[in-house]
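Note sheet for the following structure.
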Amino acid sequence: MNTLIGQKAIDFTTAAVMANGEINNAFNLHKAIEKKYAILFFYPLDFTFVCPSELIAVDNRIEEFNARNTLIMGISIDSQFTHNAWRNTSVANGGIGPVRYPLIADVNHQICQAYGVEHPSAHVALRGAFVIDKQGIVRAQIVNDLPLGRNVDELLRLIDAIEFHEKHGEVCPAGWTKGKTGIKPTADGIAQFLADEAESL
């Protein structure tokens, strides 16, 4: 897998089920994320096991993503019709319910291949998350193997860290969360930070 960090997010146009349940047959990434932070949230398949827990975890935090002007998008190799069926299946019956963000169809596997997250033998998407800034640049990517669900709160933390760095020019130490101290990227800055904070890292 090649890193896409520092590169423009690879554009695509495909079908998607939108947050309001409508099918958009020409969903375009670059158009959708213009002037927003964005997260592409790859997952293996609809109607499976770890996947609904992840997608519901995203939906449970959708107000937090919206408050950060962040569009998060689920994406798998399923069709828009399968996505729609999964949204129309209740959580009690193994569905995800009407999640409030787009679900993107990648039936020809071109998007997961372009982003380097197609599983080499199962030929589904690995659990990849690509965090994109307002200029459309990939700033973080996290890729888990199929059995390992992700921490959605980490994605919110990364958006906060990108915004903090953009606003203040400081860098974010290990475990940084919104409201904590950043580091001035100088020799004196790191010395001061470590003198004050090393024991709490």
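Taken together, the values in this text are just the output of simple stated rules run on the coordinates, not laboratory data. Since the model is a prediction, treat every value here as computed from it, not as a measurement. When we count neighbours, we look across all protein chains shown, and the Cβ atoms used for this are built from the backbone with ideal geometry, even at glycine.
Summary table
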read-out	value
Leu45/Ile142 FRET efficiency (R0 22 Å; Cβ-Cβ; nearest 0.05)	0.70
Per-residue [θ]222 nm for the chain (sum of -39500 (n - 2.57) over DSSP H runs n ≥ 4, rounded to 500)	-8500 deg cm²/dmol
Choice from Ala57, Ala32, Ala187 with maximal GNM fluctuation in the chain (Cα, 10 Å cutoff)	Ala187
Separation between Cα centres of the stretch 115-165 and the stretch 39-54, rounded to whole Å	13
